[in-house]
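Participant: Shown below is the structure under consideration.
Derivation of every value follows stated rules applied to the coordinates shown; laboratory data play no part. In this text, all values refer to a predicted model and were calculated from it rather than measured experimentally. Reconstructed Cβ throughout: ideal geometry from the backbone, glycine too, with neighbour counts over all protein chains shown.
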Amino acid sequence: MVDIAAHFRLVDVSLSIGHLSILHGVSFDVPEGCLVALIGPNGAGKTSVLNCISGIYHPSKGQIIFNSFDLAGAKPHEVAQHGIARSFQHGELFSHLTVLDNLLAGRHTKMKRGVISNGFFWRKTIREEIWQRKAVEDIIDFLELEKYRKSMAGSLPYGLQKIVGLGRALAMEPHILLLDEPSAGMTRQEKEDLARFILRIKFELGITIIWVEHDMQLVGDLADRIVVLNFGTKIAEGDPDTVLNDPQVIKAYLGD
């Protein structure tokens, strides 16, 4: 058990779309600074949980509590303003923009100048431009993307696009980072690089991470805690050794 007070919590979250029931009373805590992996078979509801947290879906009932605020029903930009950022399963980059410009797009919650000041490019706007670009260059260095900074995002290999998507989320300087299957489609070497970046995000940047993942080797090696869903219901929660050896979890993945 992680001895850190939870500052993020799902409480009895259910989700229905039309007549389709997707999540059924899902509850779990995410201690501050913790890396929590959300796993389960295909169709278990993992991405739906991230969609509820990030404001893409609105839960039918339940609470999503972050630092005493209930984010259930909040709009995506409101969630972002509370310091929650997300990378997507398929990257979702601006393919016609450079890596640098994709990361700058992630700075939108940090930009203070308006349309008029940007149009005239006043002194304060110039200073902010320098500051925003410095922040992005730091992320490029952190994720070892220097040689790709001027490359069009759509021209990059798929695995690198996933890293750029991770960088765009980091550009928001989040308190909580949501990762939706970041290793999907990656080579083994790319996965090793991703694992190194995830650990650096946790230990060097101190960011809390909720991580949807199918690679059980990565999960076992990196996660502090694991939450397991099956058919929209939580069936296990705890440390990796306990959860990955739970008979219910094994049955959910392998059947009888």
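Participant: Using the beta-carbon distance between residue 138 and residue 242 and R0 = 30 Å, what value does 1/(1 + (r/R0)^6) give for FRET efficiency, to the nearest 0.05? Mind dumping the intermediate values first?
Facilitator: Details: r = 38 Å, r/R0 = 1.25.
Approximately 0.20, to the nearest 0.05.
Participant: Return, ordered by residue number, the residues of the range 33-64 whose backbone nitrogen is under 20 Å from a label point located 7 Å along Cα→Cβ of residue 199.
Facilitator: Within reach of a label on residue 199, which here means backbone N under 20 Å from a point 7 Å along Cα→Cβ, the range 33-64 contributes 33-38.
Participant: So how tilted is helix 188-203 from the main axis of the chain? Cα-based, degrees 0 to 90, rounded to 10.
Facilitator: 80 degrees
Participant: How big is the Cα convex hull of the range 47-105 in projection, averaged over all directions, in nm²? Intermediate values should be presented prior to the final figure.
Facilitator: On the way: hull surface 18.5 nm².
Mean projected area for the range 47-105: 4.6 nm², to one decimal.
Participant: Something else now. Run the quick spin-label model on residue 69 and residue 214: label points 7 Å from Cα toward the beta carbon, then report their separation in nm to one decimal.
Facilitator: So the label points at residue 69 and residue 214 sit 3.3 nm apart.
Participant: One-quarter of the Cα convex hull surface for the chain, in nm²?
Facilitator: Here the figure is 15.0 nm², rounded to one decimal.
Participant: When the label point is put 7 Å from the Cα of residue 149 along its Cα-to-beta-carbon vector, which residues of the range 167-187 have a backbone N closer than 14 Å?
Facilitator: Of the residues in the range 167-187, none has backbone N under 14 Å from the label point off residue 149.
Participant: GNM, the chain, Cα, under 10 Å: largest mean-square fluctuation among 180, 29, 246?
Facilitator: Among 180, 29, 246, the largest mean-square fluctuation in the Gaussian network model of the chain belongs to 246.
Participant: Taking just the C-alpha trace of the range 123-256, give me its Rg and Dmax in Å.
Facilitator: Calculated on Cα positions, Rg and Dmax stand at 17.8, 67 Å.
Participant: Tell me, 168, 196 in order of fewest to most beta-carbon neighbours within 10 Å? Intermediate values should be presented prior to the final figure.
Facilitator: Details: 168 27, 196 11.
Going from least to most buried by this count: 196, 168.
Participant: Among 35, 189, 76, flag the residue with its Cα farthest along the positive direction of the charge dipole of the chain, charges on Cβ as +1 for Lys/Arg and -1 for Asp/Glu.
Facilitator: The residue sitting most towards the positive pole is 76.
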